[in-house]
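The values are calculated or read from the model by the stated rules, or taken from the named source; none is laboratory data. All figures in this text were calculated on a predicted structure; none of them were measured in a lab. Here Cβ is always computed from backbone atoms with ideal geometry, including for glycine, and neighbour counts include all displayed protein chains.
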Amino acid sequence: MDQTAVEARRSVGNEPPAFDVGRLESPALSSALLDALLRYPVGQRILDVLRWIKPVWRIPFLEWTLVLRYEHVREVLSSSGEFQVPWGAKMKRVTSDDGAEPPNGRNFVLGMTEPDAHYRQDYALLAQAFAFGDVATTVSRLALEASETCLRDWQPTQQTPFFDVVERLVLSVPAMMCDTYYGIPIADPVHFGKCSLAVSSYLFGPPFEDDGKASTARKREMALAAAAPLRHTIRTAMREAEQSLMANGDNPADSSPLHRLMRAKRDSCGAIDDDRIHVQLFGMVLGFIPTNVLAAGNLLETLLDKPEFMLRTVQAARAGDDERLWRCLRETLRFRNINPGPWRLCAHDTLLANAHGRATRIRKGEQVLACTQAAMFDGRRITHPHLFDSNRPDEDYLVFGLGQHWCLGAYIAIAQITQMFKVLFTHFDVSPAPGAAGRMKRVSVFPLHQMVSLKPVAAPYGLASGAQPHSAQHGG
Ligand code: HEM
């Protein structure tokens, strides 16, 4: 596709391309089976037994290697040259213009295999746009306000006695914050959020899912259809921010990451182009909404399943202690993390050493699962792994990964999730709705719906609008 055609496609009309989010709703047996397998304690007990038999498993016909021990998982994630991220090609495809072959999209930091100059420049651009200082000054407050907005107007009625806590809170809050914090105007946050789930499910799914076979083509086709409205919304926001920058000059009120990125483009003398800004925003939307939905959805499911975890978490929320609340949430997430762990591609034969001086060879070309879920329960390293202990040291947690690709949005995630659960638990006693509606409905691994009963607490714990969030920042 030549450049004029590309520009024409990008600027066509103001209507975003349609994506039927109803396609996510059809129940899939595979999602239900996956859910049953990944829930604590089933999945964890299987991983414990596998790790006890052998720390590294090779599945020959799939060319997969599962790495299950704490020190091995750390080694794999710390060696980004030997064990490379496999997301780059898919990232370029979902950020491509419709129908462009070969894909003309860009890569994002998470898809870059080496910490080379290109990676470092993009990382610096992101760190400047999504400034660490925003967490205390802006992100926590916006998360608190968005959560209160989502819960404020809900009243149980005879027709709708239960609250869909996933769609109306867990998904809505990060999607609203892509507008209020990132600066991307979003007409329908739930629709935007659901599109991001479809894309993420393809992008970060197992590597075999991009093999071009008919069985996996549906997921890819759905992701590409869902990516189009995301790209349209982001490109429209970029154009409007650029026009406002040209018309009004530097306006101190425009301090969103979007405006900072457009300012960086203006000041770069042509070194930064629109495609580079677009992929940063696209990647950060996908880093934010689907990952936080997955984490908060898993957290909620585990809390509803484990009354003693719920009790400690609710007590921390009602004490107004953000740091303790995050510790309880992080400990709950350890029992069912966002996924079993990140995938890597082994770039050349590599030996993984163990404490007894023996080494296991991982072959070039193997798809390696660095199983952080198994590592966080490795009894050689983690004290009483099956006990809930919110005072564990930070190194016990691998929820945000490790090494080159350690989560760049970790503090944004911590602030959003902590504030959202604080608002929920200080205003309501939460319990699952009876029957099937009270079980979490997912698309692939992503939570979509969960009906709960919200019983207002007699005296909300002083956290209604205006209360200041405290900072809760603990790395993984
Ligand atoms: C609780 C929520 C979250 C969890 C559990 C989480 C987890 C992770 C993990 C495990 C990785 C490493 C992936 C790998 O090694 O292949 C990662 C990377 C990343 N995450 Fe998150 N994440 C969360 C929320 C966020 C948010 C809210 C953002 C953006 C605002 C974000 C942006 C990123 C980015 C940009 C990277 C790549 C960093 C790099 O490659 O240098 N994440 N995240």
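Residues that are over 20 Å from the mean Cα position of the chain (by Cα), assigned to a helix (DSSP H, G or I) and not β-branched (Val, Ile, Thr) within region 67-97 comprise Tyr70, Glu71, His72, Arg74, Glu75, Ser78, listed in sequence order. Within region 408-445, if we keep just the residues that are more than 24 Å from Arg312 (Cα to Cα), under 21 Å from the mean Cα position of the chain (by Cα) and away from the ligand (no atom under 13 Å from the Cβ), the residue that is surrounded by the most Cβ atoms within 10 Å (Cβ to Cβ) turns out to be Arg442. Taken over region 328-341, the criterion of being within 12 Å of the ligand (Cβ to nearest atom) and in contact with a helix residue (DSSP H, G or I) (Cβ under 7 Å, 6 or more places away or on another chain) is satisfied by Leu329, Thr332, Leu333, Arg336, Asn337, Ile338, Pro340, Gly341. Within region 380-407, the set of residues being of a type outside the set (Asp, Glu), in contact (Cβ under 8 Å) with a residue 60 or more places away in the chain and away from the ligand (no atom under 13 Å from the Cβ) comprises Arg380, Arg381, Ile382, His386, Phe388, Ser390, Asn391, Arg392. Would you check if Arg318 is basic (Lys, Arg) and within 14 Å of the ligand (Cβ to nearest atom)? No; evaluated as a whole, the condition is false for this residue. Listed by first and then second residue, the pairs linking a residue in region 34-51 that is over 15 Å from Lys441 (Cα atoms) to a residue that is among the charged types (D, E, K, R) and at pLDDT 95 or above, with Cβ atoms under 6 Å apart and 6 or more places separating them unless they lie on different chains, are Tyr40/Arg336. Do we have any residue at all in region 186-207 that's within 19 Å of Ala415 (Cβ to Cβ), modelled with pLDDT of 95 or more and out of contact with any helix residue (DSSP H, G or I) (no Cβ under 6 Å at 6 or more places or on another chain)? No, the conditions are met nowhere in region 186-207. Screening Ala319 with (1) hydrophobic (A, V, I, L, M, F, W, C); (2) under 25 Å from Leu230 (Cα atoms); (3) surrounded by fewer than 18 Cβ atoms within 10 Å (Cβ to Cβ) gives one miss only, at (2).
From the list Ala374, Ala458, Ala347, Ala370, which residue is more than 16 Å from the ligand (Cβ to nearest atom) and either surrounded by fewer than 22 Cβ atoms within 10 Å (Cβ to Cβ) or at pLDDT 95 or above (or both)?
Ala458
If you check Arg334, Arg276 for being closer than 22 Å to Ser200 by Cα and either surrounded by 24 or more Cβ atoms within 10 Å (Cβ to Cβ) or within 16 Å of the chain's Cα centre (by Cα) (or both), only one passes: Arg334. Tallying residues that are hydrophobic (A, V, I, L, M, F, W, C), in a helix (DSSP H, G or I) and within 20 Å of the chain's Cα centre (by Cα) within region 98-124 yields 2. Kindly establish whether Glu114 is in contact with a His (Cβ under 8 Å, 6 or more places away or on another chain) and of a type outside the set (Val, Ile, Thr). Criteria not met by Glu114. Among residues of region 110-123 that are over 16 Å from Cys346 (Cα atoms), those with a Cβ under 7 angstrom from a residue that is within 10 Å of the ligand (Cβ to nearest atom) and part of a loop (DSSP other than H, G, I, E, B), sequence gap 6+ or separate chain, pair up as Leu110/Val85; Leu110/Trp87; Pro115/Ser80; His118/Met112; Tyr119/Met112.
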